[in-house]
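Before I ask anything, let me first share the structure, which is written out below as structure tokens.
The values are calculated or read from the model by the stated rules, or taken from the named source; none is laboratory data. Note that this is a predicted model, so its numbers are computed, not measured. Because the Cβ atoms are built from the backbone with ideal geometry, glycine has one as well, and the counts that use them run over all protein chains shown.
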Amino acid sequence: MSALTLTGVRKRFGDHDVLRGVDLVIEPHEVVVLIGASGSGKSTLLRTINLIERVDDGQIFLGGTDITDPGINPDRVRSRIGVVFQHFNLFPHLRVIDNITLAARRVHRQRPAAARARALELLETLGLAQKAREFPDRLSGGQQQRVAIVRAILTDPELLLLDEITSALDPQLVGEVLDLVRDLKRRGSTILMATHEMAFAREVADRIVFMHEGRILEQGTPEQVFDAPVHPETAAFLEREGRSRGA
Amino acid sequence: MRSVVIALVSSVVVVAALAVAVVTSPGWESVRSSFFDLDVAISAFPSVIAGLWVNIQVLFVAAAAVAVFGTGLAVLRSLRGPVFFPLRALAAGYTDLFRGMPLLIVLYLVGFGIPALGFFGRVPVVLWGTIAIVLTYSAYVAEVLRAGMEAVHPSQRVAARSLGLTHGQTLRIVVIPQGVRNVVPALMNDFVSMQKDVGLISVLGAVDAVRAAQIEVANTYNFTPYIVAGLLFVAMSLPMIRLTDWVSARLTRRQQNGGVV
């Protein structure tokens, strides 16, 4: 069974069609990278998957559950998905350790001591254990984003959604965050991520999905999409991206 | 150092000029004897301070009730979705009504109107006074809290809901704590304002500091007890006023420093 299946997903805001029928299947342990220009629908697609936006049409299956069924409990669905945002969105009034263990304690009803122990273990592997008692604003952007990733994975979600997680970081802080994503891939996480880091996408993706004006225009292995794009729009986008990075 | 000296000298000059003006005024002798009589002040002090204790009790009970009721109203007003329209409208109507109506009139309506309905037995007037203050101040505090909650960035809600927290948990754990932090100075200011408004319960006949002073005035034909009560109210509010200033200054400093990001 697939980890995630989207069939004919449509979403419009006012008279603007943001998603115009998206079909996508993600297998367990697969890392799928969404690329495409700003406004192509990448973020909206991610937001429909964790039900922050409701689809207007189409279906989304998470591990066999139709999560677009109106009778579904959206909180239960969201508790099965880990999300990391561009701007980290840590809770500024909670200490790092309380940020990380919040869902484990309040949603998954784990014993606080057990949640803390697991959180500290993860922070330790990232060299952030001494930051556990700090408030988020005492951390660098890269540290905050890694804490946000730990917060998302602490409860072992079946799917991780990463939305432009390095876009708000200083260039020298991007590396430490990407290292952590490599690590997640090694551990077998199922990941759907949107990014503008083309070099990283090529390295880490099992599959690249190119979105254009609310549709998936082309998808394939990184070699297929980056080295031999079939669609002229894909080639044009990659050309623009390459130029803007000075490559 | 130089600026301190200048400030000191100019203050002394101004105060001295004012004092001279008051003391040399034609009516000063009669004002002094009817407002600043030390013997009357000393004899009135025990009953006025006993009355102030009533005000302090009312203040703390009312503050606790306002915190609960005001938060409830703020939450109702922030509910989204057409289903909640009646609740939202009710809360909005409530805050409009009680922010507009003078506290004195609320006191009369609650203190004389509700007992006249005859539903309740003998309820102390202090309690009606407390209820009137809670009704009025909850409306103010609810609006302040709502502004604080609306200033919490929507991405905080999205992050909380994405973790699987329910709407209620998101409010309780993420939005309200941050919203309150956003408006701490305004809330403390409302508390300071409430400290003196608890003196208005005297109009219902509750023997608080103001009423006790009034009784003493009636006995002595001398207004000094009002000065005693007034100074006691000021003394009661000073710690909170200073604390409010300190907290506001601290928050401003923190915001201007900015964070790491």
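Name the one entry in A:PHE61, A:PHE85 that is of a type in the set (Phe, Trp, Tyr) and within 20 Å of B:HIS167 (Cα to Cα). Reasoning before the result, please.
Details: A:PHE61 fails: within 20 Å of B:HIS167 (Cα to Cα).
Answer to the selection: A:PHE85.
Restricted to the stretch A:143-183, and to residues that are more than 30 Å from A:PHE61 (Cβ to Cβ) and either within 10 Å of chain B (Cβ to nearest Cβ) or among the acidic types (Asp, Glu) (or both), which residue is surrounded by the most Cβ atoms within 10 Å (Cβ to Cβ)? I'd like the intermediate steps shown before the answer.
First pass over the stretch A:143-183, keeping only residues more than 30 Å from A:PHE61 (Cβ to Cβ): A:143-144, A:146-147, A:168-176, A:179.
Next cut, either within 10 Å of chain B (Cβ to nearest Cβ) or among the acidic types (Asp, Glu) (or both) only: A:143-144, A:168-170, A:176, A:179.
Details: A:GLN143: 22, A:GLN144: 27, A:ALA168: 15, A:LEU169: 21, A:ASP170: 11, A:GLU176: 18, A:ASP179: 12.
If we take residues in the stretch A:143-183 being more than 30 Å from A:PHE61 (Cβ to Cβ) and either within 10 Å of chain B (Cβ to nearest Cβ) or among the acidic types (Asp, Glu) (or both), then A:GLN144 is surrounded by the most Cβ atoms within 10 Å (Cβ to Cβ).
While we're on this one: When you check A:ASP137 against the structure, is it modelled with pLDDT under 95, in a helix (DSSP H, G or I), within 14 Å of chain B (Cβ to nearest Cβ) and surrounded by fewer than 22 Cβ atoms within 10 Å (Cβ to Cβ), yes or no? Can you show your working first?
Numbers: modelled with pLDDT under 95: yes; in a helix (DSSP H, G or I): yes; within 14 Å of chain B (Cβ to nearest Cβ): yes; surrounded by fewer than 22 Cβ atoms within 10 Å (Cβ to Cβ): yes.
Yes, satisfied.
Go through the stretch B:38-56 and give me each residue that's in contact (Cβ under 8 Å) with a residue 40 or more places away in the chain and within 30 Å of B:TYR140 (Cβ to Cβ).
Answer for the stretch B:38-56, where residues must be in contact (Cβ under 8 Å) with a residue 40 or more places away in the chain and within 30 Å of B:TYR140 (Cβ to Cβ): B:VAL48, B:ILE49, B:ALA50, B:GLY51, B:LEU52, B:VAL54, B:ASN55, B:ILE56.
For every residue, the table says whether it meets (1) more than 26 Å from the chain's Cα centre (by Cα); (2) modelled with pLDDT of 95 or more; (3) facing chain A (nearest Cβ under 10 Å).
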residue: B:VAL158; (1), (2), (3): yes, yes, yes
residue: B:LEU163; (1), (2), (3): yes, yes, yes
residue: B:HIS167; (1), (2), (3): yes, no, yes
residue: B:VAL174; (1), (2), (3): yes, yes, yes
residue: B:VAL184; (1), (2), (3): no, no, no
residue: B:MET188; (1), (2), (3): no, no, no
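Being aliphatic (A, V, I, L, M) and within 7 Å of chain B (Cβ to nearest Cβ) is true for just one of A:VAL83, A:VAL96. Which residue is that? Give the derivation first.
Working: A:VAL96 fails: within 7 Å of chain B (Cβ to nearest Cβ).
Selected residue: A:VAL83, the only one of A:VAL83, A:VAL96 that is aliphatic (A, V, I, L, M) and within 7 Å of chain B (Cβ to nearest Cβ).
Only one of (1) touching a residue at least 24 places away in the same chain (Cβ under 8 Å); (2) surrounded by fewer than 19 Cβ atoms within 10 Å (Cβ to Cβ); (3) under 24 Å from A:ILE100 (Cα atoms) fails for A:ALA129. Which number is that?
Here A:ALA129 meets the rest and fails (1).
Could I ask something else about it? Which one of these is within 27 Å of A:ASP23 (Cα to Cα) and at pLDDT below 95: A:SER244, A:SER189, A:SER167? Talk me through it step by step, then tell me what you get.
Details: A:SER244 fails: within 27 Å of A:ASP23 (Cα to Cα); A:SER189 fails: at pLDDT below 95.
Only one candidate passes the filter, namely A:SER167.
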